[in-house]
């Protein structure tokens, strides 16, 4: 503990005089850097922050990977370390870049199922161009609320109205499990627009004469066909749920939650309440859980 207090005193002196970057950035990076200092004090008994070197970064990277942290979270943690290291006087060592650490890819193993913002925006644009506003809406629900495909198709007018009133969507999930998911403005706009054209009591994305399983299959085939025009990756509808899980986890970590607590909150949002399944999402594995 004495070693950490020593490092903390050095950091506070640096932080007080630092004016680079926005206040929010400095505060967010400070939390990340303090997590690194705990690691340094416990694993290396490091006495001076100016002595941080490549071996410390490599060791911390391995530690974060073993904890199952999302790739984007790892990059944020490393960015925080470099931010303060670059602003320290009299540092002895140059820290490796993400490229040198082979962090160009967004995951550390397996297949990356998450969608990039570019991929999402292009696919939504293609859907709208092809007069499939319903497909664009459903993909947005998965992207920003983490819904499974069948969960999107279960939403009816009553669910939509309640969601707009309460700011959260009641979701009927697998195995009869239910949950509430916060909705953002993008989802609110979709629900309002869809309600205008959907008769009371009906599902938002299934026509009365249609079968739900066929409607779902059409959307999956649409994605499979059009993804070839702008990406080499095998992105699927379920990958949007992976994207949601990653981003929610990162948000919780940046708000100061522990790794375990962040995973637990994500598992509740996803509706399965199982840590092992959450780890699959955060590792961007193949499983369509």
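Just to be sure, is residue 173 touching a residue at least 12 places away in the same chain (Cβ under 8 Å), under 22 Å from the mean Cα position of the chain (by Cα) and within 15 Å of residue 271 (Cβ to Cβ)?
Yes: the conditions hold for residue 173.
Does residue 201 meet the test of being touching a residue at least 12 places away in the same chain (Cβ under 8 Å), under 23 Å from residue 273 (Cα atoms) and in contact with a helix residue (DSSP H, G or I) (Cβ under 7 Å, 6 or more places away or on another chain)?
no
How many of the residues in the stretch 157-176 are out of contact with any strand residue (DSSP E or B) (no Cβ under 8 Å at 6 or more places or on another chain) and under 13 Å from residue 147 (Cα atoms)?
1
Residues to consider are 195, 269, 219, 265; find the one that is in contact with a strand residue (DSSP E or B) (Cβ under 8 Å, 6 or more places away or on another chain), in a helix (DSSP H, G or I) and in the same structural domain as residue 128 (by TED's automatic domain parsing).
It is 269.
Checking residue 228 against (1) assigned to a helix (DSSP H, G or I); (2) touching a residue at least 40 places away in the same chain (Cβ under 8 Å); (3) farther than 20 Å from residue 148 by Cβ, only one condition comes out false. Which one?
So the condition that residue 228 fails would be (2).
Taking into account only those residues within the stretch 80-92 that are surrounded by fewer than 16 Cβ atoms within 10 Å (Cβ to Cβ) and at pLDDT below 90, which is nearest to residue 34 (Cα to Cα)?
Among those that are surrounded by fewer than 16 Cβ atoms within 10 Å (Cβ to Cβ) and at pLDDT below 90, it is 89.
Give me a count of the residues in the stretch 231-246 that are out of contact with any helix residue (DSSP H, G or I) (no Cβ under 8 Å at 6 or more places or on another chain) and in a helix (DSSP H, G or I).
Qualifying residue count for the region: 1.
Here are the criteria: (1) out of contact with any helix residue (DSSP H, G or I) (no Cβ under 6 Å at 6 or more places or on another chain); (2) over 30 Å from residue 35 (Cβ atoms); (3) at pLDDT below 90. Tell me which single one residue 288 does not satisfy.
Only one criterion in (1) out of contact with any helix residue (DSSP H, G or I) (no Cβ under 6 Å at 6 or more places or on another chain); (2) over 30 Å from residue 35 (Cβ atoms); (3) at pLDDT below 90 is unmet by residue 288, namely (1).
The values are calculated or read from the model by the stated rules, or taken from the named source; none is laboratory data. Owing to the predicted nature of the structure, the values given are computational and were not obtained by experimental measurement. Counting neighbours? That spans all protein chains shown, and the Cβs are built from the backbone with ideal geometry, glycine included.
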